[in-house]
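Here the structure comes first, spelled out in structure tokens, and everything after it is commentary.
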Amino acid sequence: MTSSPSSGAAARGSEIQSVARAATVLGMVVDSERGLTTTEIAKRTGLTVSTVHRLAHTLTTSNLLCRDPHTERFLAGPVLLRLARKALGASGVPEAADVLKELADRTGETASIGMRRGDEVLVVLSVPSTRALRYTGRPGTRVPLLESAIGAAVVAFGPDPVGHAAEVLTRAGEDASATWVTEIDLLATQFRGYAVFDDPRDPSLRAVAAPVLGASEHVRLGVEIQGPASRLADERLDELGATVAAAAGALEGLPVSMAFGDFG
């Protein structure tokens, strides 16, 4: 018996929905700290327990998930872990971590990579300084775009820096005087080739950053070192700025931003 076009469309729609649901379950299990039970997955997804049971059973049979026999929690399976290792190897993240480690060793300060996300900078990788007095970078930290050295470097080397900064400050509710000060800082950043940011909330803290340039005019990533202003003194800025810029250059061409979910 030949199926009608409408029944075929319904079947295709059902298949796509199943894939989407399976992807949701996989993502939730991977993001959980100790795995999830069938009931917990059902509560988080809004799916019925029977639907979750079927999905999880299929994913477990395919080795994308596995189940702890003692807790009955679903965990990432061997196939999923193998895919993750391959993806990490192709992401450029290990190479980026090596660049940061070398930068931290050469400067003695905490080195970080940040990515622009809207009007913020998200810290995605960080290697802390080994000195007793140091700034400890925290991946996952978000800071306003123009309140960080990375943000200043990203904007300064992107298209229409002054106009772009004015838009960001307007959205943040800043007045014209803030725009003027920021314009001066951006022009100085372009001239030097690196950004310097003194934290207004902590004058003893200073950061030096450079943009990761690529084929696109839309700069998304930056590299910075951050530490006590006494160690990042004015007379050392050109030396430190050149070192940070060299590290940023070493990251060009690596698909680091895609590894952290930035496809813009």
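The values are calculated or read from the model by the stated rules, or taken from the named source; none is laboratory data. Just so we're clear, the structure is a prediction, and the values are computed from it rather than from any experiment. Cβ atoms come from the backbone with ideal geometry, glycine included; neighbour counts cover every protein chain shown. With ligands, DNA and RNA removed, areas are computed over all heavy atoms of the protein, side chains included. Shrake-Rupley method; radii C 1.70, N 1.55, O 1.52, S 1.80 Å.
Would you check if Leu122 is assigned to a strand (DSSP E or B), within 24 Å of Glu252 (Cβ to Cβ) and not charged (D, E, K, R)? Spelling it out, Leu122 is indeed assigned to a strand (DSSP E or B), within 24 Å of Glu252 (Cβ to Cβ) and not charged (D, E, K, R).
Here Leu47 does not fit the description of being within 16 Å of Pro78 (Cα to Cα), open to solvent by 30 Å² or more (accessible area, probe 1.4 Å), aliphatic (A, V, I, L, M) and touching a helix residue (DSSP H, G or I) at 6+ places or on another chain (Cβ under 7 Å). Among residues that are modelled with pLDDT under 90 and either within 28 Å of the chain's Cα centre (by Cα) or over 19 Å from Leu83 (Cβ atoms) (or both), Glu72 is not included. Conditions first: (1) outside any loop (DSSP other than H, G, I, E, B); (2) hydroxyl-bearing (Ser, Thr, Tyr); (3) farther than 28 Å from Glu239 by Cβ. Thr71 passes all but one, so which condition is the exception? All conditions are met except number (1). Scanning the range 206-252 for residues that are over 11 Å from Gly193 (Cβ atoms), touching a helix residue (DSSP H, G or I) at 6+ places or on another chain (Cβ under 7 Å) and of a type outside the set (A, V, I, L, M) returns Arg220, Gly222, Glu224, Thr243. Within the set of pairs 6 or more residues apart or between chains, which connect a residue that is at positive phi inside the range 26-49 to a residue that is open to solvent by less than 20 Å² (accessible area, probe 1.4 Å) and assigned to a helix (DSSP H, G or I) with Cβ atoms less than 8 Å apart? Taking only residues 6 or more apart or on different chains, the pairs are Gly35/Val29.
Mind telling me which of the residues Arg131, Arg116, Arg106 ends up being of a type in the set (D, E, K, R) and either surrounded by 16 or more Cβ atoms within 10 Å (Cβ to Cβ) or over 23 Å from Leu232 (Cα atoms) (or both)?
Numbers: Arg131 fails: either surrounded by 16 or more Cβ atoms within 10 Å (Cβ to Cβ) or over 23 Å from Leu232 (Cα atoms) (or both); Arg106 fails: either surrounded by 16 or more Cβ atoms within 10 Å (Cβ to Cβ) or over 23 Å from Leu232 (Cα atoms) (or both).
It is Arg116.
Each residue in the range 206-249 was checked for being open to solvent by less than 30 Å² (accessible area, probe 1.4 Å) and either under 19 Å from the mean Cα position of the chain (by Cα) or touching a residue at least 40 places away in the same chain (Cβ under 8 Å) (or both), and 23 of them qualify. Across the range 145-182, the number of residues qualifying as over 22 Å from Ala207 (Cβ atoms), in a loop (DSSP other than H, G, I, E, B) and modelled with pLDDT of 80 or more comes to 3.
Identify all residues within the range 183-203 that are assigned to a helix (DSSP H, G or I) and surrounded by 12 or more Cβ atoms within 10 Å (Cβ to Cβ); write none if there are none.
Glu183, Asp185, Leu186, Leu187, Ala188, Thr189, Gln190, Arg192
Name, by its number, the condition in (1) farther than 18 Å from Lys101 by Cα; (2) open to solvent by 60 Å² or more (accessible area, probe 1.4 Å) that does not hold for Glu252. Here Glu252 clears every test but (1). One residue stands out among those in the range 134-144 that are free of Cβ contacts under 8 Å to residues at least 40 places away in the same chain and not in a strand (DSSP E or B): the one that is surrounded by the most Cβ atoms within 10 Å (Cβ to Cβ), which is Thr141.
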